[in-house]
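J.: For reference, the structure I am asking about is given below.
What follows draws every value from the coordinates through simple rules; no lab data is involved. In this text, all values refer to a predicted model and were calculated from it rather than measured experimentally. Backbone-built Cβ (ideal geometry, glycine too); neighbour counts: all protein chains shown.
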Amino acid sequence: MGQLVDELKPQYESKMNFVVVFVDDAKEEPVASKYNVQYVPMTFLFDSKGSEAKNWTGQVAKDALVAEIQALVK
């Protein structure tokens, strides 16, 4: 997932924030708990109000992620 984020970030970083959480890092455990991360990778998209708009468990296809991002940032 990191490669996909790195690829998409330059195109969308002016319109949205990208946050990568490493669930094996004890400092980030509260975030993993808050969003009930049980599998890795998990990908979440949030709208401008902070509400969860979409999530995926496992690898997400680039075209699916881009379509959801574009719907959120328009």
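J.: With P(r) over Cα pairs in 5 Å bins from 0, in percent as the read-out, I listed (i) 3, 14, 21, 20, 16, 11, 8, 5, 2, 0; (ii) 3, 15, 27, 26, 14, 8, 5, 2, 1; (iii) 3, 14, 28, 26, 20, 8, 1, 0; which label goes with the value calculated from this structure?
T.: (iii)
J.: Which angle between 0 and 90 degrees, to the nearest 10, do you get for helix 2-12 versus the longest principal axis of the chain when only C-alpha atoms count?
T.: 40
J.: Moving on. In what sequence do T57, T43 fall when counting other Cβ within 10 Å, fewest first?
T.: Least crowded to most crowded, the residues run T57, T43.
J.: Post the alpha-carbon centroid distance, segment 41-74 to segment 10-30, in whole angstrom.
T.: Centre-to-centre (Cα) distance: 13 Å.
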